[in-house]
Amino acid sequence: MPELPEVETVARGLQRQIAGRRILSIMLGKTDFIDNPGEIEKELPGRTIGSVVRYGKFLLLQLTRKEDAGETDRESALLVHLGMTGMLRPQPAGEPHAKHTHVVALLDDGRELRYTDPRRFGRMAYLAGESLQEELRRFGADPLEAGLEEFTAKIRGKRARIKALLLDQRVLRGVGNIYADESLWKARIHPQRLGARLRRKQVKKLHRALQGILERAIVMRGSSIADFLDAEGQPGEYQRRHRAYGREGKRCFRCKTRIKRVIVAGRSSYFCPRCQKAPRRGKSRRNGKQEHAARRGKMG
DNA sequence: CTCGATCCCTGGACGC
DNA sequence: TGCGTCCAGGGATCGA
């Protein structure tokens, strides 16, 4: 599931592979995940891919009219969200199309930029001018750019559960289930704690944990748990470093307690019940009892 | 404002 | 071998 590190990896690969290439034509298959397929068919041919950057979990293919990339016209862009199973990569036009290939852009060097997505949970849209800016404004801060102050304000200013806040793209753009769980584990914060009730020290710890994990994951080219492949068709390596995500029943790397899984914000949330203390019976349901002692979370 | 439920969609896991 | 069932999950949407 492509999250910030995976999308960043794909963006860098695409920047290297297709920046400067002109789109000659577009072929569409299924289009139910595309906002405006008609405009994509009409506007993309003839445009040049100036640069490819990541914006939250989106890939932003910035387009220019002129073949000259120097004339960067950031007015228009193709937004691509990979959803759960989306893949975007250039391939030789001669190679057969993989199953579930829904968008093919023929490039001026004989290759095809192909979008494949079995589940079609992804999204694609051609946007320009004010509509583009408006769309981008819907999302919160980039977690790698947000300073501690901004991060703290966003987290402590909300009453939702911290896990829900991390996943909310309007709060922070780019964090998904894997990195939310990994950073909460690192910072020893239970996913159901309320953002507003976290202490400054904990928020600071979470901020550091999240940035450190995202940076490390980018270096390792993301996590390939299902079948994520980057723009070069390579899997990532960060899944080997997961400490909580997907480890239900396995032992915590810190204390050997078995990792638990609960549903928070509608998503599986993996955590260590010992390292990450549950909030004092809040407004949740009668979720039985599963912890009593409340050990100080060792300062630092 | 926040939450849970529901839907979208397909492949993979699992049971028989 | 093959089929039915269940489930995962990012995000939009809707009612509570």
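The values are calculated or read from the model by the stated rules, or taken from the named source; none is laboratory data. Note that the structure is predicted; figures quoted are calculated from it, not measured. FYI the Cβ positions are ideal-geometry reconstructions off the backbone, even for glycines, and counts take in every protein chain you see.
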> Would you say residue A:210 is within 16 Å of DNA strand C (Cβ to nearest atom) and within 14 Å of residue A:148 (Cα to Cα)?
Replying inline: yes
> Within region A:235-254, which residues are surrounded by fewer than 16 Cβ atoms within 10 Å (Cβ to Cβ) and either closer than 21 Å to residue A:198 by Cβ or within 16 Å of DNA strand C (Cβ to nearest atom) (or both)?
Replying inline: A:248, A:249, A:250, A:254
> What is the residue count in region A:189-212 for residues that are of a type in the set (D, E, K, R) and touching a Leu at 6+ places or on another chain (Cβ under 8 Å)?
Replying inline: 1
> If we scan region A:42-55, do we find a residue that is surrounded by fewer than 16 Cβ atoms within 10 Å (Cβ to Cβ), touching a residue at least 12 places away in the same chain (Cβ under 8 Å) and among the charged types (D, E, K, R)?
Replying inline: no
>> Between a residue in region A:112-137 that is touching a residue at least 12 places away in the same chain (Cβ under 8 Å) and any residue that is among the basic types (Lys, Arg), which pairs come within a Cβ distance under 7 Å, given they are 6 or more apart or on different chains?
In response: A:114/A:89; A:120/A:30
>> Anything in region A:240-290 that is farther than 21 Å from residue A:212 by Cα, away from DNA strand B (no atom under 16 Å from the Cβ), at pLDDT 85 or above and in a loop (DSSP other than H, G, I, E, B)? List them, or say none.
In response: A:255, A:256, A:257, A:259, A:273, A:274, A:277
> From the list A:246, A:266, which residue is of a type outside the set (Val, Ile, Thr) and in contact (Cβ under 8 Å) with a residue 12 or more places away in the chain?
Replying inline: A:246
> Of A:107, A:28, A:82, which residue is away from DNA strand B (no atom under 16 Å from the Cβ) and either surrounded by 15 or more Cβ atoms within 10 Å (Cβ to Cβ) or without any contact (Cβ under 8 Å) to a residue 24 or more places away in the chain (or both)?
Replying inline: A:107
> Residues of region A:152-167 being part of a helix (DSSP H, G or I), touching a residue at least 40 places away in the same chain (Cβ under 8 Å) and within 10 Å of DNA strand B (Cβ to nearest atom), which ones?
Replying inline: A:162, A:163, A:164, A:167
